[in-house]
Every structure is written in structure tokens, then in C-alpha cells.
1. Could you please state, rounded to a whole Å, how far the C-alpha centre of the stretch A:244-306 is from the C-alpha centre of the stretch B:878-906?
2. Under 10 Å, Cα contacts only: if you run a Gaussian network model on chain A, which one of A:Asn43, A:Asn158, A:Asn32 comes out with the highest mean-square fluctuation?
3. Specify which residue in the list A:Val59, A:His266, A:Ile148 is farthest towards the positive end of the charge dipole of chain A, using unit charges on the beta carbon of Lys, Arg (+1) and Asp, Glu (-1), about the Cα centre.
4. Can you compute 3J(HN,Hα) from phi for each residue in the stretch A:142-151, using the Karplus curve 6.51 cos²θ - 1.76 cosθ + 1.60 with θ = phi - 60°, rounded to whole Hz and x for Gly and Pro?
5. For the stretch B:406-416, just list the computed ³J(HN,Hα) in residue order, Karplus coefficients 6.51, -1.76 and 1.60, θ = phi - 60°, integers in Hz, with x standing in for Gly and Pro.
6. Just checking the output field for B:528-538: average partner chain Cβ neighbours within 10 Å of each residue's Cβ?
7. On a C-alpha basis, how far is the centre of the stretch B:547-589 from the centre of the stretch B:337-372 in Å? Whole number, if you could?
8. How many Cβ atoms of partner chains, on average, are near each residue of A:249-262 if near means within 10 Å of its Cβ?
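What follows draws every value from the coordinates through simple rules; no lab data is involved. If you're wondering where the values come from, they're calculated on a predicted model, not measured in any experiment. Backbone-built Cβ (ideal geometry, glycine too); neighbour counts: all protein chains shown.
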Amino acid sequence: MVGYTEAMTDPSYAGQILCFTYPLIGNYGVPNYIRDENNILLNFESHKIQVRGVIANSVSKKPSHFESAKELSTWMNEEQISGIEGLDTRELTMHLRTRGVMMGAITDSVKRGKEALEQAADYSSLYFCSSVSTKEKISYGKNVKGRIALIDCGVKQNIIRSLVSRGFLVTIYPFDISYQEIQESKPSGIVLSNGPGDPKLCSPAINLAREAIDNCMPVLGICLGTQIVAISQGAETFKLKYGHRGQNKPCIDLKTGRCMVTSQNHGFSVDSDSLKATKLVPWFMNADDHTIEGLLHETKPCLSVQFHPEGSPGPLDPSYVFDIFSEKILEVRS
Amino acid sequence: MPLDRAIKKVIVLGSGSIKIGEAGEFDYSGSQALKALREEGIQTVLVNPNVATIQTDPRLADKVYFLPVTVEYVEQVIAAEHPDSILLSFGGQTALNCGVELQKKGILSKYNIRVLGTAIRGIELTEDRDLFKKTMLASGILVPTSEAVYSVEAARVVAKKIGYPVIIRVAFTLGGRGGGVAFNEYELDNIVEKGLANSIVHQVLIEEYVGSWKQIEYEVMRDNSDNAITVCNMENTLVMRVHTGDNTVVAPSQTITNQEYHFLRQVSIKAARACGIIGECNIQFALDAKSERYYAIEINARLSRSSALASKATGYPIAYIAAKIILGYDLPELKNSATGITSACFEPALDYIVVKMPRFDFRKFERVRRELGSQMKSVGEVMAIGRCFEEALQKAIRMLDIGRDGLLDYKPLGSIELVENALVHPTDAIFFHVAEALSLGMSVEDVNRLTWIDPWFISKIKNIVDTDQILKLRGKDSLDKIDRELMLNTKKLGFSDSWIAKRLGIPEKETRELRKSLVEGPFVKIVDSLAAEWPARTNYLYASYDGRSNNVTFGLNSKNAEKKVIVLGAGCYRVGSSVEFDWCTMNMVWALQKSSREVIVINCNPETVSTDYDMSDRLYFEELTLERVLDIYQSENPEGIVCCVGGQTANNLIPKLALYGVRLLGTSAGDLDRAEDRAKFSRLLDELGISQAKWIEVKDKESALEFANDNYPVIARPSYVLSGAAMRVIWTERNLEQFLENAAEVSPDYPMVISKFIQRAKEAEVDAVSDGQNVLIGAIIEHIEKAGVHSGDATMQIPASGLSDETQAKIRDYTERIARSLRIKGPFNVQYIVRGSEVLVIECNLRASRSMPFVSKMKGINLMEASADAILGKSIGQYLERHPPLFKVGVKVPQFSFMQLEGADPLLGVEMQSTGEVACFGENFFDAYCKALGSSGFKIPLSGNVFVTVGGTELKKRTLNSVRKLAEMGYKISATEHTGEFLSKHGLSDVTILYKITEKERKPNISDALAERKLDLIINIPSSMALEKFADMEEDEYRIRRKAVELGIPVLTNVENLDVFVKGLSWLKTREITISPLTAQRQDK
């Protein structure tokens, strides 16, 4: 119901068709692309719609909000993104629930849709990071507490904002940057961002993570970043049947026993059995299906979370993850 | 943290009677809490005088005390029971206030009792306006500019500083009681005076008014380890201007962004933390529609109407989980009962929209002000679920059962000027006015400017208006023009078959067939708390035209069941139909389940236990309309439908359902008609040789006037009504003419009877069950007030000790003969007039009655269990064996909510006006009566000043004795000029004369005595002619009554009540009140 502009511009959804379970979408319209004082976008998680298509039950034709600049469908038209409304999205959700995520097409002819699907490459074989990642390095914020190198596999704006607001100068690097190359900015910490697709395909980032961890560099992995950290340490990932998508997922912090509601969007997960061979230990656990939602390194300043501590869309309950990371950076430096 | 094993015995405080602002939702939350406690093997002691509730059945609590929820009584129960803990958050404001006082008086520490859940300090932080403000500001949460004051003078100073308009809020009250918006000093004075009188700490808050801002609410759950979630948020369509209880509310919010949503969510959790909430709380925000400004308005540190709504809106069992948290569990340790696997520490995802609408009963209250504002006035509510706002809104309007067939079924005001005015001053009809404004061509923006309703909602309403136009135009031409697309669109927007029928000019039955030939549906969908993302195992259903398949199959679901049965609930609470019918519904459900039936409930009231999805085998949260009941019936194909436990709403469907050949369980539709049709019933009584008042069926005006001429006063009674709707006592020809002209509009379908109104006779009634042969007489109930006061407003006692054995035998005989001749199968109620040795029948209702929970608990016979057997065609012979009642005497008294109904006259008459009731039990009449009176909020003055004003010599004579007794007991008597003279003449010395309010300059004046709160009891009995409410009200008398109500001074307006009250007072001064609980053992005895 809320968060469609954030979700649709989330690079992790690149190449996917997004089906909204809430039947009334677009109620508060779409604002203009406005940036905050640090040049980070408000209400959007990247500078354009990232999803390939949208499925909704009903899209508001008369949106209402003082910040609204246009209708949702106008925005999609402008960015040439297809969508379809009038579907029983609940039925579709139940279908996806039982069959798992699948390839799909939005079409007005079943025949053409089938043809398109036959021709399309399978989603899981595609490497999306290259298309959503920044091409050049960009910096945000001021250096109060240090510098952070953020490896952009499809980073969300609110991750940048969450780091900048904690006093870091954040430099965004392309997804395939090497550990040596980022040394030029003398980072005191590295963040591996969220992003679309199968983590196994992200070998440059995996290598970077391994080197960084070996060098005792503070590392924070978020979402895809967690899977990259896990693989870099020898753990394995697997594809979840249903995936975790939504703003209402409970996760337990195994260090404190506290449970909080988190925003999630991931189709892969770290295999907990495979951790035995590594120095990684579970940090967060999903309270519903007990899968791994966060990791800590036993000896190195490396932490990672599978959910989105920056919310957007979704709650900010676990945003303290950023605080812990920034403490880690200060600890290591001193 | 797991269960706290130190908790062994808990005293639970209930909310008492149903009143405006505190209604059935507390039966729901209390029942859930008791269930949660019982599961843990914890003993429970419940204090709640609301006899009609489900929680006061011994099936839920170990011991139930039917006593006032006040410090004096609760302390006695504590002393007798020695509980180790107390639960305050499940009994509304009543329980919370009582808890705060118990703490202040040191009673909790004296008996070493622990408060479970939010601490008393936390409650004070949320309730005390000043503390609340400070707590919020300390946590960086913004609140409106405001200041707490303790006097009218201080209020003026603060209001001037803040600038008008200001809103006055009263500490420690519910439903915005005593508060209001003041646009000037004059209004301020009035509201503050009332507010101070209503606050237990004599404090009010003067606050900046943000009426045009959005009103957004969050429901927060927080456990002992500081895990916190928000179950749901809600948006009030009529923004801040209207109290949330009177607002049309949607869940989830529709017009706020992700950022706003999560910002307010975060603040909610922060606020709950600041107040130390353990369990559940509701928090309300004002959010500017034009900027990012917001204010936290208030927190309810307890289960509330909103939390009940949120619970039903999401399928998340808030009260149950809150109770578990209070017992020590943490959220992650608890499961989401909708899935059975996933955690309870999550936030439900909805894939539908919920619309809650309030039900008002202004028609029943003379002189009441209909404009909505910061003080709650509604008496009930409905909740509709749809896949779009239009669908849910139109469903909700029909659910209200106010005779409106959707949004466009209104009487137009006719002109733009009138409509504009109506938009600026919203009443219960505001949505109809919005629809009219749009159909008159007003723009969405203009409607928004006048109503402050968000344009998003108005656009949706415009959608309904526009679609209706198309339907109207095409329908005029020919039926062929109604194609699938139009029909589907119309149904998706929530139009009923009967409305479409009206537009097409064909009968509903034909429309139904046409609709079925064009579109499929409605489809049954599941409320599962997670938008279909996980397989859910709930049986919580609604119907919608969105989609193309059902989420359920319609076979038998449980292994033990042989057949399935549909039970119709009672719909929204209103005057005359309240929690008692929910008790009847649930007890019927349980009894049918015992007889191997799978039971499907249809109901639409979020304040009930019967709309908890785990209470029946299947729950349809749906309309109780012919169309929807038929839809469900045809899909489910049950053994039959039970219509006799859902009050008049369900009962009225019987003849309509019968026309469609629906299998109805219980008394046949034909026999029902013989009782409901007043003329047929009167003829039947004549045939049986059973006496009744002289009567005539009204066929034309002339014969009615002629009959009435010889028989004034007469009573006019249309058929098929509950709680005296449209029933009138008529004293003059002019009034009768007026009445006949208006009557047509009340209920055109059903015939009317006029009969002689018998004055000063006694009234009695019988609650009974029959299987067609055997007749189980639950009890003969005697009314204290004489005939003419509606039975729902009467004080009642069991046993009927004021009736002779002969009279009682006659009543039994009549009851049995009527039952057999009507071939009654199920519950019924017969009302009688007793004059000397003569017994006359007034009416017979072939359905469960308001007093059946009272009778069942008093007697220890569950009338619903017997009814279930009768309905299924079994003999009820086993129930006939006589056994002694559980208590010696039971007294039931009504609960009024006049205070909240600005302007309403607290006089009793044939129209029912009470919103609830209480019953207490005792060793003798006065023992039970005094407790019951105290339970209804009547402050019994043990000394002080009594003011008397009585109309007419005859009534003065009849009150003389009681007034004299009061004087003898040491009360100081004052009176109006005439009454005073009369009293002095008859030997009362020392009567102070107070002059009329209208003669302000004459001193001492009544208005001064009232304002200075020098009066402790007011006896205000107008002449009987004034009982006839069409007659001109005697202004002064009315103003005294009204003022007394507003200041919380008890008023007696009826001679019989006065006599009983005075006798009770003298009893109270010399005797001890007993307390004795209802227990399961007691019932099994």
C-alpha cells in the first residue's frame, strides 16, 4: 500500500515484474525526483524505474498528496515501463506462492506472450549488476567520522543516506572495482550493497570482500552484500522457494534476543550448514522460517544483514546495524 | 521471556454496561484475555455487572462477580478472593480508572497485588494531559500547543493565548466525553464547566485546534523485552474534526506516503516505549495534509475500540496476544494463529480495504444535536471488507441497517446552499451529502475544501455517483443495454441488486437473475493477515466481485460434523440491539456445535465475539442483507439458516428468505408472520380467548381516528420493529393525524395496529423456549416502571415477587397456549400488562430477547441450548425439570448515555433510549437493586440536597410519600415554586424554593444551585402528558434535566423509580450489601 515509488526504483528489482499484493496502488501519486541536501534522492531508491513491469489490481487515477506531481501510470509512461491492472493479484500471489517465482510477460495476446517467454533468457542466468551499478565513482556527504567505499551492485539511495547521516563521506564505486583500486580513497570501511540476481555471478565483489576481510577492513554487507560476504568466506547460498519480499518480516537479533520487523527483498539465502566450514556465525535469524538473516565474523570486523536496515520502503527498526558498523570503524581506527 | 509462574490468580476488571464510547469491544477483548489466561492454567476472577456479555459466562472465567467496577466493590472482591495480580487493560476506561484509584487509595499495596501489563504510572502518563505532553516532548515527539487548567477562569486565559478555535479535552474519560471545540469564550465556558464535572481529577486541557488535519492511528504491541510492532494503522476519512468513534475509518491508511507511514510508525513505537506500555496501546496522530507537520494527540494505554477494529481488520488477535505478553511471553515466542507457523512478531499485510462506519440513533433522542465533533455520539459500528473503497463503503452503509441501500439511497437536500452548509457541519449523513454535492456538479476540490475529506476518498465517491448515472441512463432505455462490463463494474463498486433493480425498474429477484447471467461471483476471499504470501488456515472470509475464483471450497470441513448450519448475527449495535444478541449468537453456535453441526456465522460488527474467526467453524464478515445471505447460502448449501438469535435484523430477513425457498430452521416463516403482523396476532389472541387491550388494524385514517376518539391515549405500533422504533403513545387527535402522515415513511411494507394505551398498569414479560409442544418458561420478569416505559429501559426483577400466584399462573398458561398455537420452535418472549387480576398480552416476539442472557445466568438454564435443540427438531423435555435458581433475586437496570448526546432529553418513554444494561444479584430485592443502580453509574447520594419538581397535582400527590421519607432521612429538600408550596402544605417544613431557570433574575435560582453543584439528587417528574413527546416540552423542566445529566447529577423522572429508590436508600442505610460470585460449579449444581 505504501512504498511503490521506492520499490519500483529499487535496483534489486531490476529485470523483474513486480506484483503488488495491495489492491490499491498509486493513491498518493508520484513526486518529482527531488534530492536532499546531500544530493541523495528523496522518495526514490534510484534515478529511474528499475522493474521491468508492474502488476496491480487497481491504479489510482486521482492521486492525492501535496507532494504528488503525477499519476503512477503517467510516470511509467514517461519511463516506458509496462504495467497491467485489473488482475486478481491475490490469485496471482497464491499461484506464485505455490509455484515459486517464475518468468512472466505482460501482453495483450497470449500467443505473443508465450513467444516472448520462449525467446527470453532465464532471469537467473542474467547478470544484472552491470546494468544497475554506477559507471563512475561518486561521493556523497562530509568526512566527519571517516570515509566509506560503497560497492554498488544496485545500491538504494537510503543506504547512502543512512551512512552519510552518520557522518561518513561515502564514495560509490562500480560493482567490478578491485580492492586495490578503492585504496586511493583511503576508506575506513567498505559497504557491499544490495542488488539483483544470483550472488554467485558477482565474482569481482566476492574477491574484493575476501581481500577486505583478510586485511581487517571493516565490512558491512547488505542483502546481496551478505551473500557475497558469505561466499567470499567459503559458505554457500541457495535459492529460496518463495523468497522474502515485503515490509513486515520478523528477524531475531541472536546477540540480544530482540525481534524486529524488517524490510526484505531477497530470493537467495545463506545456507546455515555451510557456515560450519567458515568463521562466520549467524547474527540474525528469520523468525518465520529460521533462515539466516545476518552474519558476524568471529575474528574480523565484518558484519552483514540479509534484510534492509535502511527500510524504504519499510520500517527502520533495525537501522542500528549502521550504528554498530560505524562503531566498528571507529574501533578499528583507534 | 516465558510465562511468569508467579501469576496464579488474577482479578480482571470488565467495562460494565454498554455506553457510548465503551461498548461491545470490551466483551471481545475481555473474553480473549480470559481465554489466554485459562490456557495457562491461571485462575480468573472477573468483576463485571454486564450480564449480557459472553465474558460473564462461567465458561470463560472461574468466578464472575456481577458488581459495580468501583473501588468499594472491587476491594471487597479482592478481600474475599486474595488474587495475586490484577488486569486493568481489558475493561476500557472504566477498568483503567478504577485501577488508578485502587492504587491511589493504597488498596493494591495493602493486598500485595501486582498490576499486570502497563504500570499505573504508565497509565497516568497517557491519561493525565499534562504528564502526557511532558512525556512526549521529552522523547522529541511533537504535541499541539496546550495547557491543562482546573477552572473556567484559567481556561479563558489559556484559550486567549492559544487563539480560538480551541479544543477542550477532558482527562481520564472516554469517547471525548465532556470535551468539545470552542470558537468563542461563551462556548468555552459551557464546555469547560461540563468537562471539569466529568473529569475525575477536575482537569481539562485547552488545546490548539487542528480539525482539518488528517487523523491517523496506530496500534502498537510491545513486550517485556521491548520488542514492538504496529499491527495496523488506520485513517479517519472525516479527519481530525470528528471523533474517531464517530468517524468513518479505513484500514490501512490510504493517502499517506511510505515516508509518512514509517515516520509515524516509528514515533508510535517511541511513544509506547516512553510510556512503558506492556501489551497494547493505540496512538492517534494529527498530520497536516499540506506539509510534513504532525502532532501526537493521545495514547490509549489499553485495549480499545480501535484495537478491536484493528484486530478484525487484520486477522491479528490483538487482545489475545496482548494478554500473553502481559503474562510474561515475548512476541517472538508467540505464533501468528492465522498460519500456525509464522511468528506473532510481524506486521500484518492486508490485500483489501476495510471501512468502519458508525451507527447513530439520533431518531430515538428528542432534541439531540446531530452535528459530529470531538465528542462521540454513535452507539455502534460496522466494518466492511472490500477490494476497493467504493465496494467497502457501500457495503458498510447497508450494514448499518438504517434503511439505506447504499451510498446513493438518500433524501436529497435539494439545493447547493443546503448541501454546502451540510458539508461544513457534518452529521451522521455526511457521506450522503458528499454524494449529493457531487451529483449536483460540485467539484472534488470544492467538496474537499468544505469537508476536509481527502480528495482521494471524494474521487472514489464520485466514481460511484458517475457509475450510477450510466446505470440510470442505460437502464431507462432497455435491459439489453446492461452488458457484462457495466454490470461487473457496478457490482465491483458495491451496488446492491436491489439498488440496480430500482434503476432498471424491475424486481430484485429478476435483477439477481440478470446479474447472475452476466457476471460470476461474488467470490469468497480469505482474511489471512499476510496477503496470501503464506498458506493460511483461517476461516475468516469476505465476498467481493473482484477476482475470478473462490479461496475456499464449500464442503464440510471438520471431521466431527454431520451437517452445517448458518447462524445470522445481529449486525451493528444500536439502541435496542446490543451485546445480548452476541451472547445469544455465540451460545447458539456452541450449542449447535455440540449437536455435530458445523456452524457458519454471518455478521458485520467488529465489536463482537462472534466476529472472531476462531469462535465458529467459518466466519463471513459480511452484510446481513437478503442478497448476501442468499449468495452465501447458495454457495454453502447448508442444512438451514438460524435467524432467531440476531435480533430484529436477522428476524426481518425471514419472510424475504422464505420467498426464495431458503431452508429456515426454527419457527416457520408463516407462523412468524402470525406473530409479527400486529393485526394477525391480535386476531389470534381473540381466537384463543386471551385478553389484550382494545385494538384496531389501521386501514385508513378515518377508522383509526374514530377508534382512537373513544380510547385516548392510544398506542400505535407498526409491525416488525424492535426497541419501539416508530412506536408512539398518542394523546390527541391532532397528534394521531400527524403520526399517521409520518408513519408511511417508517415502514410501508408492514401493517399497523392502534390499541388503547393502558396507563398505570404493571408490566411483565416472559422469556421462554418451545419445541412446538413443550414450553420451557425461563422466567417471568417483573418491571418496576409502569406500562409506557419501553421494556428495554425498564428496571426488572426476577422473581416477579410483585405478582400474585394467580397472575403468574395465568401468564404461564397464556405463554404456553400462544407457543403451541404458533408452533414455536425456538426462543420467544411475550410481554404482558397486569392490571389487578387481569392479564393482557402486549406482544410476542419469536426470537431471542434482550433479557435471555440475564434469565439464563440467573436461573442456570441456558435458554440458547434449549433453543438449539428445538430448532433442530429435538424435544426440549430434558430442560423442563425444575431446579432452584442460582441466585435469590436478580435486578436488571438500564444504562443511559444521555451525557454524550448533546441536547437529548433523559425522559423515558415508549421509544427505547438506553444503550446498555447491567444486572446484579442478591439475597433480596434491595441488595441486588442497589448494586445494579451503582453499576449503571448512578451516584447514590447517602446524604445531601434533593431538588424536587413534579408536574400536576396527581403526580405531586403520588411523590409526596417518597419525598417525605427523604426529608426524614435527613436530606435537605428544595423545590420549584409550585412543588414547594404543595410540599409545605402537606407538612414538609424547611423546603427551600428555587426559581426557574427561565426567570434568571429571581434568586435563589435553580441554575445557580446546579452550577455550584449544590444538588445531589434531582427528582424531575413532568406531567404524564409531557411523556407524549410530540407535545411541547416544558422548557424549564427539560433544561433542568439536561443540565443535571451534563453535570453528572442523578435524576429520577418516574414515580415508580423514585419510590423504589427511596426504599432502597433506607435499606442501604441499615443493611449490608452481599457479594457472591457466579461459578461453573454453581451452574453445575
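1. 57 Å
2. Its mean-square fluctuation being the largest, the pick is A:Asn32.
3. My answer, from the dipole projection, is A:Ile148.
4. Residue by residue, the stretch A:142-151 yields 10, 7, 9, 10, x, 10, 10, 9, 10, 7 Hz.
5. My calculation for the stretch B:406-416 gives x, 5, 9, 8, 9, 8, x, 6, x, 9, 4 Hz in order.
6. 4
7. 19 Å
8. The per-residue average across the peptide is 5.
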